Amino acid sequence: MNTRISPLLAGVLVAASAHTALADDDDDDADVDAEVAVTTEVPPTWASDIDSCCVTSEHPPCVDSESDVVGYRQCTRYGAWGSNLLDPDMFVQVGMNMRHFAGSAPMAAARAATGTPERPHGGGDDALMFDERIGYPVTTGLYLAFDFELGNFANAESKNTTDRDFVLDGLFSFGARGSLGPFSLGAEMAGGVMQSSFPKQPTEQTDAVFEARGRAELWLAPWFTVGGAIGASLLDRGDWMAGLYLGVHTWAYAGDRY
């Protein structure tokens, strides 16, 4: 009996061993097939170009949509905020200036009395002016600008014949500026022509303007500034101006920061 069972048990053991070996071979083949499938799998593709965000198998490009849903908004390229450097470099400033004139009498009266265009001494008068300024950088740190000033309508009803009731001027200026932290500081020379009118004077008075100015601006954003200016006449002693303004620049930080 034992002699019959021993060969049978031996056969069963051999068969089990062979089955295990075949199963291991199948597992190895399956692993190899899986590796091949992984390595030969074609990654998902999306339409992308230079304007798209970083495209990977995990992050599709931004969708050209106006949706506010995260993942469906149109992405901008890195540094796209500075693409306006391709536009012309210029700035526009709008504000109010206060001008003080040391001599208030009309020049015509001064000429008739003295024979010279000198202004007589007096308390002077002031003019509140609306100022619009357009400038263009010539090179780094240097610029040209044109000022247009108009105002003093508040004195139109004044009965004082020595106070200006209307002032208009156009000035060209050349200056230099530099950055100091969030500030921009500058100095300039401005010259042009000013026309004024006085109550009960039939003709307007024309004067030359030549003054030195200093400016300081604070950057509120890469394209917006708030600032002030102060200056003094180089032709008429005692004449001065001061003003506040808001500025808009086509180049971020006026192109002075890199």
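Read the figures in this text as sums done on the coordinates, not as results from a lab. It should be emphasised that the depicted structure is a prediction, and the values quoted were computed from it without experimental measurement. Here the Cβ positions follow ideal geometry from the backbone for every residue, glycine too, while neighbour counts run over all protein chains shown.
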Note to self: With 10 angstrom as the radius, rank 237, 164, 133 by how many other C-beta atoms surround their C-beta, starting from the fewest.
What the structure shows: 237, 133, 164
Check: What full-extension length gain, to one decimal in nm, is calculated for residue 134 and residue 201 as 0.36 nm per residue of separation minus the Cα-Cα distance?
Finding: 20.9 nm
Check: Using a simple spin-label model with points 7 Å from Cα along the Cα→Cβ vector, what separation in nm is obtained for residue 92 and residue 221?
Finding: 1.5
Item checked: HN-Hα J in Hz across region 236-247 - Karplus 6.51, -1.76, 1.60, θ = phi - 60°, x for Gly and Pro -> 10, 4, x, 7, 8, 9, 8, x, 10, 7, 10, x
Note to self: How far apart, in nanometres, would the label points at residue 174 and residue 144 be if each is projected 7 angstrom from Cα along the Cα-to-Cβ direction?
What the structure shows: 0.9
